[in-house]
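The values are calculated or read from the model by the stated rules, or taken from the named source; none is laboratory data. What you see is a predicted model, and the numbers here were worked out from it, not measured in a lab. Every residue, glycine among them, receives a Cβ derived from its backbone with ideal geometry; neighbour counts consider all protein chains shown.
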Amino acid sequence: MKLCRLIVFVAVMLSSVFASDNKVATTTEAKEDVALDTNPASTFWSETVPIYADRDKNYQVLSRYRTEIRSRWTARNLYFLFSCLYEELFVRPNPSTITETYKLWNWDVAEVFIGSDFKNIQHYREFELSPQGDWLDLDIYLSSAHHGRRLDL
């Protein structure tokens, strides 16, 4: 089994994210922004409390596919580190790291869903990043006929 680490760098500030295990996971404040790295033992990431995604849609534990998720925030940015075990990756042929990849969710990706409108929980942001670096960010309005639109940060 191999290990894949991804960083999703999100230019938005948020104080907490949700996880299936504990229902709520807190993110750790960082005093300043740093160069991105994928080493969970680095000072930046080791000061966080990880959460784990390890269940299927029926809440059955899938220990072989446990994903560790870490999060930090600064006044300007929100950072995520995903450490994922895998046997084989299902990735897009010919990835693009320059432009967004629509329907990236059909491949192996790390996804972050961020809501900030508690009066309208059908409006949220979706960010996706593949192990190859192709990405997608959307502003989702589930109550609209056109659910998602490209998000320019």
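List of remarks:
- Among (1) under 19 Å from Leu129 (Cα atoms); (2) among the β-branched types (Val, Ile, Thr); (3) not assigned by TED's automatic domain parsing to the domain that holds Asp137, the one test that Val61 misses: (1)
- Any strands (runs of 3 or more DSSP E) falling wholly within the stretch 59-153 and containing at least 2 residues that are over 22 Å from Asp33 (Cα atoms): 78-86, 123-129, 135-141, 148-150
- Selection status of Phe82, closer than 18 Å to Phe127 by Cα and outside the structural domain of Arg125 (by TED's automatic domain parsing): yes
- Residue list for the stretch 31-50, restricted to those being in contact with a strand residue (DSSP E or B) (Cβ under 9 Å, 6 or more places away or on another chain) and acidic (Asp, Glu): Asp33, Asp37, Glu47
- Qualifying residue in the stretch 85-93 (condition: touching a helix residue (DSSP H, G or I) at 6+ places or on another chain (Cβ under 7 Å), at pLDDT below 95 and within 30 Å of Ser46 (Cα to Cα)): yes
- Test: residue in the stretch 103-111 that is within 30 Å of Lys31 (Cβ to Cβ) and charged (D, E, K, R): yes
- Across the stretch 9-58, the number of residues qualifying as at pLDDT 90 or above, in a loop (DSSP other than H, G, I, E, B) and under 23 Å from Gly115 (Cα atoms) comes to 6.
- Looking across the stretch 72-88, the residues that are touching a strand residue (DSSP E or B) at 6+ places or on another chain (Cβ under 7 Å) and of a type in the set (A, V, I, L, M) come down to Leu78, Leu81, Leu85.
- Residue list for the stretch 92-113, filter: surrounded by fewer than 16 Cβ atoms within 10 Å (Cβ to Cβ) and within 23 Å of Tyr52 (Cβ to Cβ): Trp105, Glu111, Phe113
- When the residues of the stretch 133-151 are filtered to those that are modelled with pLDDT under 85 and surrounded by 12 or more Cβ atoms within 10 Å (Cβ to Cβ), the one that is farthest from the chain's Cα centre (by Cα) is His147.
- With respect to (1) small (Gly, Ala, Ser); (2) surrounded by 13 or more Cβ atoms within 10 Å (Cβ to Cβ); (3) free of Cβ contacts under 8 Å to residues at least 40 places away in the same chain, the lone exception for Ser63 is condition (2).
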